[in-house]
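Let me begin by presenting the structure, written as structure tokens, before commenting on it.
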């Protein structure tokens, strides 16, 4: 779906559910590397990066605070499942490249993706 | 929309766009208090809280890393606009109470809200 007239604030928020991941989802280093690589691929700037490991063999949560909004990853290794969100305020940033990097890092069998356009002065639109 | 059979992982991700906010959106203290109060209202546990102020009169970004996933706020004071997301993995946490607290804190004229059910073993559903 496209907006007409164009959105005054042209942001996109991607929610991606990675199912059947074959990567080690309990690896906090992997989550950190994935967030850094995805931010680089998007051309975004990391202001801060927070990570939390819930224990041996358990999930990891990571959030990158970006100059352009944020990216987050939450993993459930026992279900080979990771829930990601990528929110970037500006089409000049390559959110698709970031998602491709994340898919490469976690190697999911399937991705359920939602792309939501957000901005001021308009209602949110679901693509 | 409801899922049948029930989602094995019963999480909800709320994207809320606050338009016409009358609160001071350049107030980093307000953003911090709002995130803490919303987490409390949801019955969620804050693991870490990150805030960034882009400068005098400019926007604030805040992300609360939760044991139950995360909440984020990004503000654009020049447009009286704030983009929020609340992701909680479990219906025992009161996401509606959290959103009510945030609406009380930022006093928007209008809220555009999307609620997305997420979980492993199922495709994402948009309510």
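Could you tell me how many degrees, from 0 to 90 and to the nearest 10, lie between the Cα long axis of helix A:28-42 and the main elongation axis, the longest principal axis, of the Cα atoms of chain A? The angle comes out near 20 degrees. When both the range B:65-92 and the range B:17-34 are represented by their alpha-carbon centers, they are found 12 Å apart.
Shape verdict for the range B:67-113, please, from the Cα gyration tensor: rounded (a/c under 1.5), prolate (a/b greater than b/c) or oblate. Prolate. Can you tell me what percent of all Cα-Cα pairs in the range A:11-122 are more than 16 Å apart? The calculated P(r) of the range A:11-122 puts 54 percent of pairs beyond 16 Å. Helix content alone sets the calculated 222 nm mean residue ellipticity of chain B: runs of n ≥ 4 DSSP H residues at -39500 (n - 2.57) each, divided across all residues, give -7000 deg cm²/dmol. With label points set 7 Å from Cα along Cα→Cβ, the inter-copy distances at residue A:100 are 4.6 nm, sorted shortest first. In the protein assembly as shown, the convex hull through the Cα atoms has an average projected area of 12.3 nm², a quarter of its surface area.
Laboratory data are not the source of any read-out in this text; all were calculated from the coordinates shown. What you see is a predicted model; the values in this text were computed from it and never measured. For neighbour counting, all protein chains shown are included, and Cβ atoms are generated from backbone atoms with ideal geometry for every residue, glycine included.
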